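S.K.: Have a look at the structure that comes next, please.
The values are calculated or read from the model by the stated rules, or taken from the named source; none is laboratory data. A quick note: this is a predicted structure, and the numbers were derived from the prediction, not measured. Glycine also receives a Cβ, built like all others from the backbone with ideal geometry; neighbour counts cover every protein chain displayed. Quick note on the areas: whole protein, heavy atoms, side chains included, nothing else; ligands and nucleic acids left out. Shrake-Rupley method; radii C 1.70, N 1.55, O 1.52, S 1.80 Å.
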Amino acid sequence: MDAQTIETPLLERFYEQMQRVRRFDQRVHELFLEGVVKGTAHSYVGEEAIAVGACAALEDKDYVVSHHRGHGHCVAKGADLTRMMAELFGRDTGYSKGLGGSMHIADIERGILGANGITGAGLGLGSGAALSAKLRGSGQICVVFFGDGSSNEGIFHEALNMASIWKLPVVFVLENNQFGLSTRITDVAAIDRFSRRAAGYTMPGETIDGNDVVAVYDTVSRAASRARNGEGPSLIECITWRWGDHSMRANLPAYRGEDEDRVWREERDAIRRAGDRLKERQVTDTRLAEIRAKVESELELAIETAKQAAEPTIAVFEDAVTAPHHDFGPEPGPGHESARELGYGEAIREAIDQEMARDPRVFVMGEDVGKIGGIFAATRGLIDKYGKERVRDTPISEMAISGSAVGAAITGMRPIAEIQIFDFITHMMDPIVNQAAKFRYMLGGVPKVPVVFRGPQGGGVRLAAQHSQSLEAWFCHVPGLVVMAPSTPYDAKGLLAAAVRDDNPVIFCEHKLLYVQTKGPVPAIEYVIPVGKADIKRPGKDVTVVATLALVAPALRAAEQLAREGLDVEVIDPRTLRPLDTETIINSVKKTGRLVIAHEGWKKWGFGAEVAAVVQEEAFDYLDAPIARVGMRDVPMPYNDTLERIVIPGQEDIQAAIKAVAYR
């Protein structure tokens, strides 16, 4: 299709939709200057043809993923103008109930998976949405809109590679408006056309005039058909020009030439060009004026309606951060009649197996999880039972693994993403902390993000500083995440089942030593341990010890040793670190009057500091001694085995702390 063959009614629809996109952001800018729109917003004016042409090529069921300059994509995909304006005004009737603002508007029911304030983040999310569509056999595709600056992010390369090797139904639309914030893209890219990068990932790449709505529609239509037919992704670079600065708040020195700006605004303006084509087909000025008037009327009604809406109250927080946890009834306990002895890793594998058998939405992805079953054998044999579609070996691409896992979760799947060694999670921080943890909140508490990130952490196996860290405290600090840390095979199976069934992103911390040192009774039946429920591993009346992961067993040994000396120690394993079962801990401290907290992570700024603070705030009057914390020395993990044993706390350290608070 080209400008000569397109039907007039379709071209007229494009003209109207481009007017709607442009006037929306022009009115937003005016309202920003009036102080009605707060913070900032990023205008899409000048780039309308891309959103309109691309979205016109999609079916209603298809997905789009946007970026910080995303109003145009939302409008073009059919978002409600009143709800969009209400969100920009920070009102309760906005798409995100005033929690997300300009950069976080989404309408999941319309396939609009959200704008994003993190450059390039949508590339991972969109690939995950496409993976979800492929696994579900839904026939949907996803269009990922992103800017020229994102093409220099690592996620660009990881996502395109993953999409290509898996032939995902995704179209990558690069909106090249020729500048990042203020730097001309040719000054920071070693290639003159970004579409040429497609060849490196064995996919079609094409550069087109992004201000020609018909060219965009035609090119995206062909790419969409290719994706829908199982032929994989495409990269389309649309050359365009934004009329304004990076954001409405920006007050920058001039960085673009006046003549160049004039040419793009006047001679290459997408709306003017579409209007001229319509006039050539005898569409009158009167008709075009009617279209513009219709758009103005819609916008003014949306603005006035949004202005009348109430502002949100603090009650909006209640369910916005975390989805409610399910109640699966009482747990059977390790003494259940079906119990037999399993290792820690075996219990994890059984949990994954049973959850995959129970729910076809569950799948596993990660490095080496398929053919060899993971380096700690947690998924061994599952590829033979469920196939490579549901047990996916991935490239060494942590951002793409985590980003696509989040994208799959928000579109109907329940992924389990393995982190081969937990230290590698540093590559996953944006998808986990900025996307998974905040997605529900930024969208007003509506979506669910059922994704599990699991893997081995901790020391004791001589792997030195970059393969031995205990990082649970990082994630306990982030609202929106659930953090689990099982210490026994029984807990590992039941908690992992809970993690998979939960509607929130879960960080599931396993410990390397527990894979090789821990065996115990595990019921063969399916069971779920409640989220946020601690377990009293040993009752006592003199001192409370709260211990996690690999320090639970040393704490129990310390308690048995001290019992011979007349000290009755209660040992509590929180099992879930966030949300924390403070009730069980507080009740124990009220009984014993003394508290020791033991974890392998660094003592300074660690998990124990939060537990100590909570107890000080809620049970200070019951304390008969200062709270003691046992944790790793404030150094990275050494390689030398003697030094490693010195820096990692153990039974003797816990015993000494117990004696200290008991004044023994």
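S.K.: With θ set to phi - 60°, apply the Karplus curve 6.51 cos²θ - 1.76 cosθ + 1.60 along segment 616-626 and write out the HN-Hα couplings as whole Hz, x wherever there is a Gly or Pro.
M.R.: The phi angles translate into 4, 6, 10, 9, 4, 5, 8, 6, 9, 7, x Hz.
S.K.: Moving on to the next point. If I compute Rg and Dmax of the Cα atoms in Å from the structure I just sent, which labelled value in [x] 28.0, 100; [y] 28.6, 94; [z] 31.0, 105 lines up?
M.R.: The value matching this structure is [x].
S.K.: Please give the contour-minus-distance gain from Met429 to Glu206: 0.36 nm per residue of separation, less the Cα-Cα distance, rounded to one decimal in nm.
M.R.: 77.1 nm
S.K.: Next up: Just subtract the alpha-carbon distance of Glu267 and Tyr255 from 0.36 nm times their residue separation and send over the number in nm, one decimal. Display every interim value, and only then the final one.
M.R.: Numbers: separation 12, 0.36 × 12 = 4.32 nm, distance 2.05 nm.
Extra length from Glu267 to Tyr255 when fully extended: 2.3 nm.
S.K.: Could you tell me whether segment 530-573 comes out rounded, prolate or oblate from its Cα gyration tensor? Rule is a ≥ b ≥ c as square roots of the eigenvalues, rounded for a/c under 1.5, then prolate if a/b exceeds b/c, otherwise oblate.
M.R.: oblate
S.K.: R0 = 22 Å: FRET efficiency of Lys61 with Ile525, Cβ-based, nearest 0.05?
M.R.: So, using R0 = 22 Å, E works out to roughly 0.05.
S.K.: Further, regarding this structure: Find the relative contact order for segment 4-105 and round it to a whole percent, using C-alpha pairs within less than 8 Å whose residues are 6+ positions apart. Could the numbers behind the result be given before it?
M.R.: Numbers: 118 pairs, mean separation 23.7, N = 102.
Relative contact order here is 23 percent.
S.K.: Of the accessible area of the chain, with the probe set at 1.4 angstrom, what percent is carbon plus sulfur?
M.R.: Heavy-atom surface of the chain belonging to carbon and sulfur, 1.4 Å probe: 50 percent.
S.K.: Note down the relative contact order for the chain as a percent, whole number, built from C-alpha pairs under 8 angstrom at least six residues apart.
M.R.: After rounding, I find 12 percent.
S.K.: Go through Lys97/Lys512; Lys97/Lys493; Lys448/Lys541; Lys388/Lys533; Lys438/Lys591; Lys541/Lys604 and tell me which ones have a Cα-Cα distance over 32 Å in this structure. Could the numbers behind the result be given before it?
M.R.: Details: Lys97/Lys512 43 Å; Lys97/Lys493 38 Å; Lys448/Lys541 42 Å; Lys388/Lys533 35 Å; Lys438/Lys591 38 Å; Lys541/Lys604 28 Å.
Violating the 32 Å Cα-Cα cut-off are Lys97/Lys512; Lys97/Lys493; Lys448/Lys541; Lys388/Lys533; Lys438/Lys591.
S.K.: If a/c stays under 1.5 just call it rounded; otherwise compare a/b with b/c (prolate if a/b is bigger, oblate if not). Do that for segment 433-508, with a ≥ b ≥ c from the square roots of the Cα gyration tensor eigenvalues. It would help to have the intermediate numbers written out before the result.
M.R.: Numbers: a/c = 3.18, a/b = 1.57, b/c = 2.03.
Oblate shape, in that a/c is at least 1.5 and b/c is the bigger or equal ratio.
S.K.: Here's another thing I want to ask about it. Any idea how far apart Ile191 and Ile108 come out in nm if each label point goes 7 Å out from Cα toward Cβ?
M.R.: 3.4 nm
S.K.: Which trypsin sites (Lys or Arg not before Pro) does segment 252-325 hold that lie in a coil by DSSP with at most 12 other beta carbons within 10 Å?
M.R.: When the trypsin sites (Lys or Arg not before Pro) of segment 252-325 are filtered for loop state and at most 12 Cβ neighbours within 10 Å, Arg281 remain.
S.K.: To the nearest 10 degrees, how steep is helix 582-592 against the longest Cα principal axis of the chain, on a 0 to 90 scale?
M.R.: With both axes taken from Cα atoms, the answer is about 20 degrees.
S.K.: What are the GluC sites (Glu not before Pro) within segment 5-58 that DSSP puts in a loop, where the Cβ has at most 15 other Cβ atoms within 10 Å?
M.R.: Glu7
S.K.: Here's something else I'd like to know. Among DSSP beta bridges whose residues both lie in the chain, state the antiparallel percentage, nearest 5.
M.R.: Numbers: 11 of 63 bridges.
Bridges in the chain that DSSP calls antiparallel: roughly 15 percent.
S.K.: Which distance in nm do the two modelled labels at Arg340 and Ala563 give, with both placed 7 Å along the Cα-to-Cβ direction?
M.R.: 3.0 nm
S.K.: Ok, one more. I want the antiparallel fraction of DSSP beta bridges within segment 175-267, as a percent rounded to 5. Could the numbers behind the result be given before it?
M.R.: Values: 1 of 8 bridges.
Bridges in segment 175-267 are about 10 percent antiparallel.
S.K.: If you don't mind, another one. Provide the gained length on full extension for the span Glu290 to Val614, in nm with one decimal, where the gain is 0.36 nm per separating residue minus the Cα-Cα distance.
M.R.: The Glu290-Val614 span can extend by a further 110.2 nm.
S.K.: Next question, about the same structure. Order these peptides, 619-625, 485-491, by their mean beta-carbon neighbour count within 10 angstrom, highest first.
M.R.: Ranked by mean Cβ neighbours within 10 Å, highest first: 485-491, 619-625.
S.K.: Where nothing but the Cβ of Lys and Arg (+1) and of Asp and Glu (-1) is charged, how large is the charge dipole of segment 540-656 around its Cα centre, in debye to the nearest 20?
M.R.: Roughly 120 debye, rounded to the nearest 20.
S.K.: Taking loop as defined by DSSP and a crowding limit of 12 other beta carbons within 10 Å, which GluC sites (Glu not before Pro) in segment 52-123 fit?
M.R.: Those satisfying the criteria are Glu59.
S.K.: Could you order peptides 186-195, 606-615 by the average number of other Cβ atoms within 10 Å of their residues, highest first? The partial results should precede the final answer.
M.R.: Values: 186-195: 13.3, 606-615: 20.3.
Ranking the peptides 186-195, 606-615 by packing returns 606-615, 186-195.
S.K.: Please report the spacing between the Cα centers of segment 269-305 and segment 208-266 in Å, no decimals.
M.R.: First find each Cα centre; the distance between them is then 21 Å.
S.K.: Pairing the Cα long axis of helix 270-280 with the longest principal axis of the chain, what angle in degrees results, from 0 to 90 and rounded to the nearest 10?
M.R.: Rounded to the nearest ten degrees, it is 40.
S.K.: Here's a follow-up. Quickly rank 350-361, 134-145 as a protection proxy: mean count of other C-beta atoms within 10 Å, highest first.
M.R.: With the highest mean Cβ count within 10 Å placed first, the list reads 134-145, 350-361.
S.K.: Report Rg (one decimal) and Dmax (nearest whole number) for segment 342-391, counting Cα atoms only, units Å.
M.R.: Final numbers for Rg and Dmax: 9.9, 28 Å.
S.K.: In terms of the Cα gyration tensor, with a ≥ b ≥ c the square roots of its eigenvalues, is segment 1-135 rounded because a/c is under 1.5, prolate because a/b exceeds b/c, or oblate?
M.R.: Taking the square roots of the gyration eigenvalues as a ≥ b ≥ c, segment 1-135 is oblate.
S.K.: Next question. Be a star and scan segment 441-457 for residues whose amide nitrogen sits under 19 Å from the point 7 Å along the Cα-to-Cβ vector of Ile375.
M.R.: 453-457
S.K.: Enter the angle in degrees (range 0 to 90, nearest 10) between the Cα long axis of helix 121-136 and the first principal axis of the Cα atoms of the chain, meaning the one along which they spread out most.
M.R.: Helix 121-136 sits at roughly 80 degrees to that axis.
S.K.: Using helices alone, I'd like the mean residue ellipticity at 222 nm for the chain: each DSSP H run of four-plus residues gives -39500 (n - 2.57), total over residue count, nearest 500. Write out the running numbers ahead of the final one.
M.R.: On the way: 22 runs with 250 residues, N = 664.
My calculation for the chain gives -11500 deg cm²/dmol from helical runs alone.
S.K.: To the nearest 20 debye, what charge dipole does the chain have about its Cα centre, counting +1 at the Cβ of each Lys and Arg and -1 at the Cβ of each Asp and Glu?
M.R.: Using only the charged Cβ atoms, the result is roughly 880 debye.
S.K.: Tally the DSSP beta bridges in segment 75-228 and give the antiparallel ones as a percent, rounded to 5.
M.R.: In segment 75-228, approximately 25 percent of DSSP beta bridges are antiparallel ones.
S.K.: Distance from a point 7 Å along Cα→Cβ of Ser297 to each backbone N in segment 18-49: keep the residues under 16 Å and list them by number.
M.R.: Output list for this probe position: 20.
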